[in-house]
Amino acid sequence: MTMKLELFVLPVSDVDRARAFYEKAGFRLDLAKDITDDYSAVHLTPPGSEASILFGKGLTTAAPGSAQGLYLVVTDIEEARADLVGRGIEVSEVFHDDKGIFFHGHDAGEVVHNSRGQERITGPQPERASYGSYATFSDPDGNGWVLQEITQRFPGR
């Protein structure tokens, strides 16, 4: 059996502001529909992705900004960061971990290291090893995204 993660519901406080942010970031608008005054949906897809995000009114009781650790995989971290910055998105500098671990804690788009004994080092992973270089950003509500450079996937992916 194959299971694919296709859609993530994102908690936002202002649907129009969130839509403008994600379109500015280059996400493709797939659907925008107002059903009632209390129920609407906006569906967007990151460039080249098979998975999408959905937000709107009446879709979730989660607190706006509470989604953390949303990874966007890219093949060139510096190019991806430059593209987002060129679109007016505030993105952290590229960084890597001293221990090379690719899972992090998150807080409003910022990768949290102190509780795991990792040190955040400025610049891409020196050998540009897959899963080793990152940059972060947040949407206007504080939902946290991580760009992760992967040029060669683990077996079976």
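The values are calculated or read from the model by the stated rules, or taken from the named source; none is laboratory data. Computed from a prediction, not measured in an experiment: that's the story for all the values here. Cβ sites come from the backbone with ideal geometry, for glycine too, and all protein chains shown count toward neighbours. For the accessible areas, the whole protein counts, side chains as well, though only heavy atoms, and no ligand, DNA or RNA atoms are used. Shrake-Rupley method; radii C 1.70, N 1.55, O 1.52, S 1.80 Å.
Could you check the range 88-105 and list, in sequence order, the residues that are within 21 Å of Gly65 (Cβ to Cβ) and modelled with pLDDT of 60 or more?
Of everything in the range 88-105, those that are within 21 Å of Gly65 (Cβ to Cβ) and modelled with pLDDT of 60 or more turn out to be Gly88, Ile89, Glu90, Val91, Ser92.
Yes or no: the range 50-58 includes at least one residue that is surrounded by 14 or more Cβ atoms within 10 Å (Cβ to Cβ), farther than 30 Å from Gln152 by Cβ, at pLDDT 95 or above and in contact with a Gly (Cβ under 9 Å, 6 or more places away or on another chain).
no
Which of the residues that make up the range 73-92 are more than 15 Å from Lys24 (Cβ to Cβ) and not in a helix (DSSP H, G or I)?
Correct list: Val73, Val74, Thr75, Asp76, Ser92.
Would you mind telling me which numbered condition in (1) crowded, with 18+ Cβ neighbours inside 10 Å; (2) not in a loop (DSSP other than H, G, I, E, B) Gly65 fails?
(2)
Please work out if Thr75 is within 23 Å of Phe154 (Cα to Cα) and touching a residue at least 40 places away in the same chain (Cβ under 8 Å).
Yes, satisfied.
Any chance the range 4-25 includes a residue that's open to solvent by less than 40 Å² (accessible area, probe 1.4 Å), hydroxyl-bearing (Ser, Thr, Tyr), assigned to a strand (DSSP E or B) and in contact with a Leu (Cβ under 7 Å, 6 or more places away or on another chain)?
Of the residues in the range 4-25, the ones open to solvent by less than 40 Å² (accessible area, probe 1.4 Å) are 10-12, 15, 18, 21-22, 25.
Checking which are hydroxyl-bearing (Ser, Thr, Tyr) leaves us with 22.
Retained after the next criterion (residues that are assigned to a strand (DSSP E or B)): none.
No, the range 4-25 contains no residue that is open to solvent by less than 40 Å² (accessible area, probe 1.4 Å), hydroxyl-bearing (Ser, Thr, Tyr), assigned to a strand (DSSP E or B) and in contact with a Leu (Cβ under 7 Å, 6 or more places away or on another chain).
In the range 106-131, which residue that is of a type in the set (Gly, Ala, Ser) and open to solvent by 10 Å² or more (accessible area, probe 1.4 Å) is modelled with the lowest pLDDT?
Going residue by residue through the range 106-131, those that are of a type in the set (Gly, Ala, Ser) are 108-109, 115, 117, 123, 129-130.
Now restrict to residues that are open to solvent by 10 Å² or more (accessible area, probe 1.4 Å): 108, 115, 117, 123, 129-130.
On the way: Ala108: 56, Ser115: 46, Gly117: 67, Gly123: 93, Ala129: 88, Ser130: 88.
Filtering the range 106-131 for residues that are of a type in the set (Gly, Ala, Ser) and open to solvent by 10 Å² or more (accessible area, probe 1.4 Å), the one modelled with the lowest pLDDT comes out as Ser115.
Restrict the check to the range 48-57 and report whether at least one residue is in a loop (DSSP other than H, G, I, E, B), of a type outside the set (Asp, Glu), over 30 Å from Ala129 (Cα atoms) and touching a strand residue (DSSP E or B) at 6+ places or on another chain (Cβ under 6 Å).
Within the range 48-57, one or more residues are in a loop (DSSP other than H, G, I, E, B), of a type outside the set (Asp, Glu), over 30 Å from Ala129 (Cα atoms) and touching a strand residue (DSSP E or B) at 6+ places or on another chain (Cβ under 6 Å).
Confirm whether Ser40 is among the polar types (S, T, N, Q) and either open to solvent by less than 20 Å² (accessible area, probe 1.4 Å) or under 21 Å from Gln148 (Cβ atoms) (or both).
yes
Would you confirm, using the coordinates I've provided, whether Asp139 is under 17 Å from Ser13 (Cβ atoms), modelled with pLDDT of 95 or more and not basic (Lys, Arg)?
yes
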